[in-house]
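Colleague: Below is the structure I would like to discuss, written out as structure tokens.
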Amino acid sequence: MAGRVCPVWIGYFLLSPFRKLRQNPDRILGSFLSPGMTALDYGSAMGYFSIPMAGLVGPEGKVICADIQEGMLRALIKRARKAKVEDVIEPFLITGPKISPEKYLNKIDFVLLFSVAHEVPDQDALFRDIYTVLRPGGNLLFSEPSGHVSRSVFASSVRTAENNYFQQIKQLEIGGAHSVLLKKV
């Protein structure tokens, strides 16, 4: 499954208001984000989570929206303007194997990795890279779609994160997903 990337046109379906019935961004993220924080939405697509994240961190915060597809980021920028959070959103086009750890080294308070890791060919490098940008004690909310990723494959991904110095804090109940909160130790 790794290496298969969600096409840009699917991004519009991911924005469906019906999705909030199972995966409400404010309910999922509200206890992890607060004003002034710097967050990373890795695999942000068109910003289903990024836009609400921007509201939660407020104008003094920052949400870095990293994606490998320019089309997803263009749509996210338009949505951020419409929501009046464009000053909080920082789009970042991933063009190589890393998410620019030099710029963000130990500066991110919270990382959201939602329905993305199964598309990444090298999860070990992914978790290692996230570890470098997350500040000590920072949280990583890791979630995969239960319809695409089996519980055993998800557990294997969590072990990969733990092998890269993340500590599992607790499993989370999110509709249609296997989810866990991890902490940088």
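Colleague: Where in region 33-70 does the label zone of K107 land, with the point 7 angstrom along Cα→C-beta and an amide N cut-off under 17 Å?
Modeller: So the set is 36-42, 60-67.
Colleague: Among DSSP bridges having both ends in the chain, what percentage is antiparallel? Round to the nearest 5.
Modeller: Beta bridges within the chain, antiparallel portion: roughly 45 percent.
Colleague: A further question on this structure: I'd like the carbon and sulfur percentage of the solvent accessible area for the chain, probe radius 1.4 Å, heavy atoms only, ligands and nucleic acids excluded.
Modeller: Carbon and sulfur together cover 55 percent of it.
Colleague: Continuing with the same structure: Go through K103/K183; K20/K170; K78/K184 and tell me which ones have a Cα-Cα distance over 31 Å in this structure.
Modeller: Over 31 Å apart, Cα to Cα: K78/K184.
Colleague: Keeping all protein chains in place, calculate the accessible area per residue for the chain (probe 1.4 angstrom), answer in Å².
Modeller: 50
Colleague: From Cα pairs below 8 angstrom and at least 6 apart in sequence, can you work out the relative contact order of the chain, rounded to a whole percent?
Modeller: Relative CO of the chain lands at 20 percent.
Colleague: Can you order the peptides 42-48, 143-149 by their average number of other Cβ atoms within 10 Å per residue, highest first?
Modeller: Highest-to-lowest ranking by the protection proxy: 42-48, 143-149.
Colleague: For the chain, what does -39500 (n - 2.57) per DSSP helix run (n ≥ 4), summed and divided by total residues, give at 222 nm, in deg cm²/dmol to the nearest 500?
Modeller: When only DSSP H runs of four or more count, the value is -9000 deg cm²/dmol.
The values are calculated or read from the model by the stated rules, or taken from the named source; none is laboratory data. Please read these numbers as outputs of a predicted model, since none were measured by experiment. Positions of Cβ are generated from backbone atoms using ideal geometry, with glycine treated the same way; all protein chains shown enter the neighbour counts. For accessibility, only protein heavy atoms count, side chains too; no ligands or nucleic acids. Shrake-Rupley method; radii C 1.70, N 1.55, O 1.52, S 1.80 Å.
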